[in-house]
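S.K.: Structure below; questions to follow.
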Amino acid sequence: MNIDWENLGFKFMPTRSNIRFHYENGQWDEGKLYDTYDITLSVAANAFHYGQALFEGGKAFRCKDGKVRIFRPEENGKRLNSSARHLMMPEFPVDKFVEAVKTVVRDNEDYIPPYGTGGALYIRPVMFGTTPQIGVGASLTYELVILVVPVGAYYKGGIKPVDAMISRDYDRAAPHGTGHIKAAGNYAASLISGKQAKDHHCAVALFLDPATHTYVDEFGTSNFLAITRDGKYVTTLSDSILPSITNNSLMTIAADLGMPTERRRVKATELPDFAEVAACGTAVVLTPVGRILDGGNIIDYHLDTIGPVLKKLYDEMTGIQHGERPDKHNWLVEI
Ligand SMILES: *Cc1c(COP(=O)(O)O)cnc(C)c1O
């Protein structure tokens, strides 16, 4: 094993093992570590045709004291079950989920980027229906696999704001649809907006509420958050956005720092009034947004690096994750 820790990106790489659980006859088995990434499935498997598939994302860190800690894995377990319920897939016990994550992280301990590199072990659970089917219906059998992949520090050489483009031609989710769960199909549906954004030299697409296109929802794979000119933390309220664990954590940190926090509907017309805007999620914690394109209109936050308030939140969050700052909410789980 010879990993260049300084130059890891965010891409798939095989590690020692992944852990798999099989569901059949109404129950999950005890699970097993596999040293292969291959799986044999019927071409008629439900997930291919009817999309019973969901995923999760988390991280484990090598901390300052040398110990390995996982960030809020029980939140991933609860959210996995909320996705499973909506897609008529079986739930997986949260305590068993946390144990499984610990097991696979422990087995791959030497794949965790060293403290100080800014990297982490990305944890990717995925669950899918495997029963061969032609008629539409819920699968009878399922697989839950938890993969781990070493990933690098997202920001090398400083945090650069990215541009975002409001998606006016396509929505990522329907009102009362699947936007609030981590259904695999949501991401296939958002790729075309992502492509449109890239064609306009924007890193990400920003989606509005699908019913009225008046309010801000979120980015394709991350929540929207903003800092007002008077120092409030604002994030969007909508039933078609994914409840981000990072957003929830940053909001808690903001409150700890004495900032007023609001989760409310945010009109797209309010966007120019904010002092700082960011996308947030597990992969990067937060990405500041420098400009937002909306048709021919450009909202410019006039920032060439991360803004001061977001910087403070980012430092506190990553400080907690790497065991440099007190974990007063007990978010970290030691392996
Ligand atoms: C996963 C995801 C997020 C971020 O959630 P975290 O728990 O913070 O990683 C935000 N929006 C969407 C659409 C997502 O899929």
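S.K.: Choose one of 88, 43, 105: the residue whose Cα lies farthest towards the positive end of the charge dipole of the chain (beta-carbon charges +1 Lys, Arg; -1 Asp, Glu; about the Cα centre).
M.R.: Sorting the options by dipole projection puts first 105.
S.K.: Which trypsin sites (Lys or Arg not before Pro) in segment 243-335 pass both tests, a DSSP loop state and at most 11 other beta-carbon atoms within 10 Å?
M.R.: 328
S.K.: Further, regarding this structure: Over the chain, what is the relative contact order in whole percent, taking alpha-carbon pairs under 8 Å and six or more residues apart?
M.R.: Relative contact order here is 19 percent.
S.K.: Taking the alpha-carbon centroid of each part, what is the distance from segment 241-264 to segment 1-44 in angstrom?
M.R.: Segment 241-264 and segment 1-44 have Cα centres separated by 32 Å.
S.K.: Moving on to the next point. How would 75, 30, 324, 334 line up from fewest to most surrounding beta-carbon atoms within 10 angstrom?
M.R.: 30, 334, 324, 75
S.K.: Hey, what number do you get for the chain at 222 nm if only DSSP H runs of n ≥ 4 count, each worth -39500 (n - 2.57), divided across all residues, to the nearest 500?
M.R.: About -7000 deg cm²/dmol.
S.K.: Which of 302, 49 has the fewest other C-beta atoms within 10 Å, and how do the rest follow up to the most?
M.R.: With the sparsest Cβ surroundings first, the list reads 302, 49.
S.K.: Scan the chain and note any complete DSSP helix (H) whose C-alpha atoms cover at least 15 Å along its axis and whose Kyte-Doolittle average is 0.0 or more.
M.R.: Counting only whole DSSP H runs, the qualifying helices are 94-107, 245-256.
S.K.: Are there any trypsin sites (Lys or Arg not before Pro) in segment 58-158 that are in a DSSP loop and have at most 12 other Cβ atoms within 10 Å? List them by number.
M.R.: Passing both the DSSP loop test and the Cβ count: 156.
S.K.: Consider just the alpha-carbon atoms of segment 138-232 and return their Rg together with their Dmax, both in angstrom.
M.R.: Both quantities, over Cα of segment 138-232: 16.3, 53 Å.
S.K.: Taking springs between alpha-carbon atoms closer than 10 angstrom, which of 268, 44, 100 fluctuates most in the Gaussian network model of the chain?
M.R.: In this elastic network of the chain, the residue with the biggest mean-square fluctuation among 268, 44, 100 is 44.
S.K.: As an exercise, identify the trypsin sites (Lys or Arg not before Pro) in segment 13-55 lying in DSSP coil whose Cβ has no more than 16 other Cβ atoms within 10 Å.
M.R.: Taking segment 13-55 and a limit of 16 other Cβ atoms within 10 Å, the loop trypsin sites (Lys or Arg not before Pro) found are 16.
S.K.: Moving on to the next point. Are any of the pairs 64/312; 267/328; 59/182; 59/328; 64/102; 232/267 more than 23 Å apart by Cα-Cα distance, and if so, which?
M.R.: Among 64/312; 267/328; 59/182; 59/328; 64/102; 232/267, the Cα-Cα distance tops 23 Å for 267/328.
All of the numbers you see were taken from the coordinates with simple rules; none came from a lab. Just so it is clear, the model here is predicted, and its values are computed rather than measured. Neighbour counts are summed over all protein chains in view; Cβ atoms, including those assigned to glycine, are modelled from backbone coordinates with ideal geometry.
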